[in-house]
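To start, the structure itself, in structure tokens.
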Amino acid sequence: MPEWDHPNPHIYDVEVQASDIDGMGHANNACYVIWCEQCAWSHSETLGLSVKDYQRLDRGVAIHKAQYEYFLPSFKDEKLMVGTWLIACDQKLRLERKFQMINLDTQETVLRGHWQLICVSLKSGKAARLPKEFIDIYGSAVI
């Protein structure tokens with residue numbers, strides 16, 4: 001079993017494709033960002049909040065600040081597990097999410113990431129209060 005930074009991650013599986021490989025011969029850094037985003041959406045949907053819910057509520061969470069630490073390269077056909085956790089929900093405007101990406105074969109951590117998110121109105125793009133559904137669902141998932 002992989003050694004996760006926190007217990008009970010939401011896990012999203014990735015297999016590195018030939019199209020992910022850049023001129024340096026390994027997965028491009030932008031792919032890791034996309035995999036984190038896909039993992040975050042998978043987690044949100046598992047918790048019960050989808051894009052349709054965001055649209056219905058005219059609210060979404062947008063990345064305010066993102067930090068990634070890349071430890072090891074990934075290569076074609078390698079299998080990765082992306083784990084994520086919600087680590088904060090301030091009940092007003094902000095959420096925080098962490099990521100850890102592990103190579104399934106070597107069990108080594110490839111990447112760690114941290115997002116600071118803010119709630120925004122989808123119509124205006126401006127900061128807006130978290131709706132009760134977000135607070136109830138995301139807040140209850142905070143580790």
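The values are calculated or read from the model by the stated rules, or taken from the named source; none is laboratory data. A quick note: this is a predicted structure, and the numbers were derived from the prediction, not measured. Positions of Cβ are generated from backbone atoms using ideal geometry, with glycine treated the same way; all protein chains shown enter the neighbour counts.
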Problem set entry | Matching residues, the range 27-58, being surrounded by 18 or more Cβ atoms within 10 Å (Cβ to Cβ) and over 18 Å from residue 135 (Cβ atoms) | 27, 31, 32, 35, 36, 39
Exercise. Can you tell me which residue in the range 1-18 is nearest to the chain's Cα centre (by Cα), limited to those that are in a loop (DSSP other than H, G, I, E, B) and surrounded by 11 or more Cβ atoms within 10 Å (Cβ to Cβ)?
Worked result: 9
Problem set entry | Residue within the range 27-36 that is at pLDDT 95 or above and either touching a Lys or Arg at 6+ places or on another chain (Cβ under 6 Å) or among the hydroxyl-bearing types (Ser, Thr, Tyr) (or both) present | yes
Problem set entry | Selection count, the range 108-143, where residues are more than 15 Å from residue 70 (Cα to Cα) and either without any contact (Cβ under 8 Å) to a residue 40 or more places away in the chain or more than 19 Å from the chain's Cα centre (by Cα) (or both) | 14
